[in-house]
Amino acid sequence: MKSHHMRPGLGILVAGLLFLPSWLVAQESPQPGLSHVRVVRLSYLSGTVAVKRPKSTEWAKAIVNTPIQEGYAVSTSANSFAEVEFENGSTARLGELSEINFTQLAMNATGDKLNRLALEQGYATFHFLPEHGDVYEVKARSATFTPDGKSEFRTDMDYGRLRAEVFSGSVEVAAGGKTAKLGKDKILDYNANATEAFNITHGITKDSWDAWTEARDKQTVLALNDQAVGPRGPMYGWSDLNAYGEWANIPGYGLGWAPYESFGWSPYLAGLWNWYPSFGWTWISGEPWGWLPYHYGLWNYDASMGWFWMPGDEFDFWSPALVSWYMGPGWIGWAPYGAIVPAGYSPVTTVPTGSFQSGQPVNPSNVTRLRPGQGTPINRPPFRGTQLAMLSGTPLAASVALPGRTTASAQSSMTATSGFRAHSAAPATVLMGGDAASEHALLSVHHSALARFWGVSEQPLRAQMGTTLGGRLRVSSPTGELGAFHGVHEFGGSRPSVGFGAPHVLGGERGFGGRSVSVMPHASEMGSARMGGGGEARGGFSAPAAMSSPNVSSGVSSSASAGGGAHAGGGGGGGAHH
């Protein structure tokens, strides 16, 4: 039996949010039958990564979880790297001093995704996982690469010369009236300024960049297989939940996930509010895990263990943010939508209206916390963002060197390449904010002959940031976890790692009328496949996944926010299916 606890008038508020003003309705597609309101995700960054919106000439310094849409460009400075993750888990990974344009991110009437990218400079590795009739294309100079099914390949460019290497699957290449099919372990060298045929050889020699992309691939697979709760919707972001938090069966609520944060932490407190024409005010989280929990499902609160996220079953729409809005004299505020909080608790985060409109970063040091009664509830902010709030990040200094950037100060610090892979550096860590030494030691154990001899199975990296579930659970450090993590978020703040032993059961003086919170074991601990289940997304009760098949609802389609939403399959806008 399910029960839904909602504040009075909340259903009316939700209904109001489904009717969007005309400036939030998705723009008409230039190609009939195609939706262009898909959203992919900047899933990893190291160093200085920049993003540029369509028809803009200004680059912004991006933070992790920046939504990327059709027409966006992503670029990296020296010793800087980026990863963009598509809805189904496909990735485009960008090396240093490189630039990529997302020339098409669309979906046709049958739900097939159309993905066309252009590598303008540098090197990148593409891991594509087509589904149904999905299309992936990468254009590099005058050559076009089209994967034939699932494949992974790398492209490098250097002054008109092009090199491509295929690690898995096969790729069709077309350039200058010539075509060829590259299979696994094949290498293509091509000079766009010459007339000779393709030079195709075999036998790839991998470097540090290739090792890093392999490690990221392996982390994703291991994390998904290790999850206590399996994916219930789009794949992007699910592996982060295993790396940065824990699942628990929470009495009265069901299955919920909480990040590695101490008591007193709250969601929507570290990031940016940005204005997206298709969606309105959109939350960009600076937390490494902050994609799924801020764009799907709902947050809930319990006085004894703080905030936790519940995925529910509703993944039809990507939402720009799931919050309730409030206003007062000179300020605007927000709180996680639908959560029931005790009297006296202050769940509303507020900032001055001016800083909000200009897209200033939000962090614990520059906000005020209020109770809902101290402000007036509103459907959405009654204004658009300024030009600063439409950068998808903070303004990038003119001195930062990027490929193709025309400022003299930026170009003066660029160095010319001397052949392929002259700049083939790679990030120091697999996880954002991870400790390189700890990761290296752990990965060495995983791959050692001794580990295989003793039957130690590979487990994913998990970033230990202190405590979770409102500070009630100290984070464990068994094999497969980083025991010496020093987490630094995009907006700063270190947390020491702590170790503890089992059991993973929380109860006691603060615990739910004698009922215990059970931390769900990882699949590697269970020795079996992942568990399903999504939990009740609003104050209701659902049995543990082991007792009943999940059949619960989030209680709201994920368009209850500042704007509309994108269909989880890749389309949609303004809260409507396309």
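Tell me, what ³J(HN,Hα) does each residue in region 224-238 have, in order and in whole Hz, if you take phi through Karplus 6.51 cos²θ - 1.76 cosθ + 1.60 with θ = phi - 60° and put x for Gly and Pro?
Once θ is set to phi - 60°, the couplings for region 224-238 become 5, 6, 8, 4, 6, 10, x, x, 10, x, x, 6, 5, x, 5 Hz.
Hey, for a label at Val135 modelled as a point 7 Å past Cα toward Cβ, could you say which residues of region 33-50 have their backbone N under 14 Å away?
33-36
Per residue of region 325-342, what does 6.51 cos²θ - 1.76 cosθ + 1.60 with θ = phi - 60° give for ³J(HN,Hα)? Whole Hz please, x for Gly and Pro, Karplus curve as stated.
Result, ordered by residue: 9, 9, 9, x, x, x, 9, 10, x, 8, 8, x, 5, x, 6, 9, 10, x Hz.
Near His127, within a Cβ-to-Cβ distance under 11 Å, what is the net charge of the other residues, with Lys and Arg +1 and Asp and Glu -1?
Local net charge: -1.
Go through Lys52/Lys139; Lys61/Lys184; Lys139/Lys186; Lys181/Lys206; Lys61/Lys218; Lys52/Lys184 and tell me which ones have a Cα-Cα distance over 25 Å in this structure.
Details: Lys52/Lys139 19 Å; Lys61/Lys184 36 Å; Lys139/Lys186 18 Å; Lys181/Lys206 21 Å; Lys61/Lys218 28 Å; Lys52/Lys184 34 Å.
With Cα atoms farther than 25 Å apart: Lys61/Lys184; Lys61/Lys218; Lys52/Lys184.
From the P(r) of region 34-207, could you give the percentage of C-alpha pairs in the tail past 27 Å?
When every Cα pair of region 34-207 is considered, 23 percent fall beyond 27 Å.
Residue by residue through region 387-395, what is 3J(HN,Hα) from phi via Karplus (6.51 cos²θ - 1.76 cosθ + 1.60, θ = phi - 60°)? Round to whole Hz and write x for glycine and proline.
The phi angles translate into 4, 5, 7, 10, 9, 6, x, 9, x Hz.
Any read-out appearing in this document is the output of simple, stated calculations on the displayed coordinates, not a laboratory observation. The structure displayed is predicted, hence computed values, not measured ones. We place every Cβ from the backbone using ideal geometry, glycine too, and count neighbours over all the protein chains shown.
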